[in-house]
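Peer 1: Take a look at this one; I'll ask things after.
The values are calculated or read from the model by the stated rules, or taken from the named source; none is laboratory data. In this text the structure is predicted, and so the values were computed from the model without any measurement. Using ideal geometry, Cβ is built from the backbone for each residue, glycine included, and neighbour counts are taken over all protein chains shown.
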Amino acid sequence: MQNKKTKVLLELRPGLDGFAGIPQETRLLFAGLRKLENLEVEGLIQGQSRKLAKGTSLKRKKKLKGPIWDYSRYSKVIVSLTQKPHRNIFEICSEWVQSRLETMALQTLSSTGLAKIRLTIFRSSSYEDFIWRTFFSKTLPASEFNDVTSANFKICSVSWKAMHEAGINSLNWRFSPKYPKLDTEGVNILIGQTPFPARISRNTKYVIRYHDAIPVFMPHTINDKAHHQASHIYALMSNVESGAWFSCVSEATRQDLLKLFPEAADRSVTIHNMVSNHYFKEETPFERVSGIIRSRLYAADVELKVDPAFNSISPNFLSLREQEGFYQKNLFKKEFKYLLVVSTVEPRKNHARALAAWEVLKADVDPDLKIIIVGTLGWGYQSMVKSLKTWIDRGDLFMLNSVPAPDLRVLYRHASATICPSLGEGFDFSGVEAMRSGGIAIASDIPVHREIYEDAAEYFDPYSTMSAVKAIKKVLYSEDAGQVQAKLHERSEIISNRYLPEAILPQWEKFLKQINKY
């Protein structure tokens, strides 16, 4: 007799966002868990702040009308991710009443524990393109297409933000938050990415993929500080109280969790992130680097909103001829050395330190050294924009975004070094990806970097420019730089192998099997 598969519902909401970090981990984890034969993995689709249309009912035994009605519902779900679907007058009135009742329920009944959110079905057949391009294509190779798009999906029509607000607002009547209940009957394990704003059905095991405690210990570095800090703390408090298990992306993150909730020690484990199979050693001509930079430059029409004199992140050209001459001179005439930084531009990522160290090296050691920054402008970048723009206008610094993994692999491979300057991280993919691609990582000396990279990276004090300069000089410009690099390459291959799917997935299989027995 064949063993019954464990039904796992994994939150996909972060997959709606960018290329790196938690969105990347969400896609990799979903694809990875789908490969485990004892699991039946489904995806939970939910809007960040938008209310989604409902799919078909979980309880319906047979189709009441023709197939067009089901397809109509599914296509409305897709439309509702970006705008309100078309509705007739009866649907508008019904939705208005339902919306008011739902809002009242979430805001008031959550405090009594009576609010319940029911999930609906989204069948992916005929909608594979939507599933792939919306949630997975930014991270996964095309070979994963059939596996991830053939999964089943469930819809939570209530937005993630509305659920957070319901829990936070319950503090108006309570001493501890009470979040709405998600009806997860029939699901053995729910995996939420980040603290999840809901309680779940009694028979479902709760797992929180815990990435970091930055909103608690470094709230001065995050965007929308008040909401982000409160939503993180109170949802986390609710998850712990609900008896959730925690799969932490690093031991450093787990220790931060235990500072907050020592009682979670027996319900928390460390399972590192997986690195994508996109990253491997590949010999490519340097000309690829120049072409990638030219095609992936940060959009010229990005508004900086800092100073009227700096209205674009790109150089200001008077003509197309001048523009092409600029890039021909600075990118295509000869090979060049460059440092690479891969992360969103925001205070915690510490780009200013990397930029300052590069400026010293450029002035004192190597005037031809360039720097490439891959990542979007996030928040709190205003103080360094003028410095970025000055070097961009000179053709010495290039800002890129929306760089797919195959292109990023080339940039890692040819970089003199990848700099990982963060002040705080949960994991930090960039150093591992650089190692897998045959590059070298130079990282800030923080606990998580020491844990993840071990002796496969050179380290520097993230608060000291001269410390960063010294580390880069040692690796690239010292008399024994060749030996230093050879040792780092040797260790990089060994250390980075630990984060391949074949090394991480057995840990997940063991963990999920363990908690499913409780």
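Peer 1: In region 380-460, which helices (runs of 4 or more DSSP H) lie fully inside it and hold 2 or more residues that are at pLDDT below 95 and within 20 Å of the chain's Cα centre (by Cα)?
Peer 2: 405-414
Peer 1: Something else about it: State whether the residues of region 322-336 include one that is among the aliphatic types (A, V, I, L, M) and either assigned to a loop (DSSP other than H, G, I, E, B) or at pLDDT 95 or above (or both).
Peer 2: Taking every residue of region 322-336 in turn, none turns out to be among the aliphatic types (A, V, I, L, M) and either assigned to a loop (DSSP other than H, G, I, E, B) or at pLDDT 95 or above (or both).
Peer 1: Being touching a residue at least 12 places away in the same chain (Cβ under 8 Å) and either in contact with a His (Cβ under 9 Å, 6 or more places away or on another chain) or not hydroxyl-bearing (Ser, Thr, Tyr) (or both) narrows it down to one of Ala481, Ala486, Ala417, so name that one.
Peer 2: The conditions single out Ala417.
Peer 1: Show the residue pairs that are 6+ apart or on different chains and have beta-carbon atoms under 6 Å apart, the first residue being within region 114-141 and over 16 Å from Leu16 (Cα atoms), the second being among the charged types (D, E, K, R).
Peer 2: Lys116/Lys181; Lys116/Asp183; Arg118/Asp183; Leu119/Lys154; Thr120/Lys54
Let's see how each residue does on (1) outside any helix (DSSP H, G or I); (2) surrounded by 23 or more Cβ atoms within 10 Å (Cβ to Cβ); (3) out of contact with any helix residue (DSSP H, G or I) (no Cβ under 9 Å at 6 or more places or on another chain):
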site	(1), (2), (3)
Phe130	no, no, no
Arg133	no, no, yes
Glu144	no, no, no
Asp147	no, no, no
Lys154	yes, no, yes
Glu165	no, no, no
Ser170	no, yes, no
Lys178	yes, yes, no
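Peer 1: Moving on. Scan Lys225, Lys259 and give me the residue that is at pLDDT below 95 and either under 20 Å from Glu25 (Cα atoms) or not assigned by TED's automatic domain parsing to the domain that holds Phe427 (or both).
Peer 2: Selected residue: Lys225, the only one of Lys225, Lys259 that is at pLDDT below 95 and either under 20 Å from Glu25 (Cα atoms) or not assigned by TED's automatic domain parsing to the domain that holds Phe427 (or both).
Peer 1: On to the next question. From Arg27, Arg13, Arg34, which residue is in contact with a Ser or Thr (Cβ under 6 Å, 6 or more places away or on another chain), modelled with pLDDT of 95 or more and within 30 Å of Lys517 (Cβ to Cβ)?
Peer 2: The unique qualifying residue is Arg27.
Peer 1: Of the residues that sit in region 68-97 and are small (Gly, Ala, Ser) and at pLDDT below 90, which one is nearest to Lys154 (Cα to Cα)?
Peer 2: Here the residue is Ser72.
Peer 1: Identify, please: which residue in region 322-353 is of a type in the set (A, V, I, L, M, F, W, C) and out of contact with any Cys (no Cβ under 9 Å at 6 or more places or on another chain) and is, among those, surrounded by the most Cβ atoms within 10 Å (Cβ to Cβ)?
Peer 2: So, considering only residues that are of a type in the set (A, V, I, L, M, F, W, C) and out of contact with any Cys (no Cβ under 9 Å at 6 or more places or on another chain), the one surrounded by the most Cβ atoms within 10 Å (Cβ to Cβ) is Leu340.
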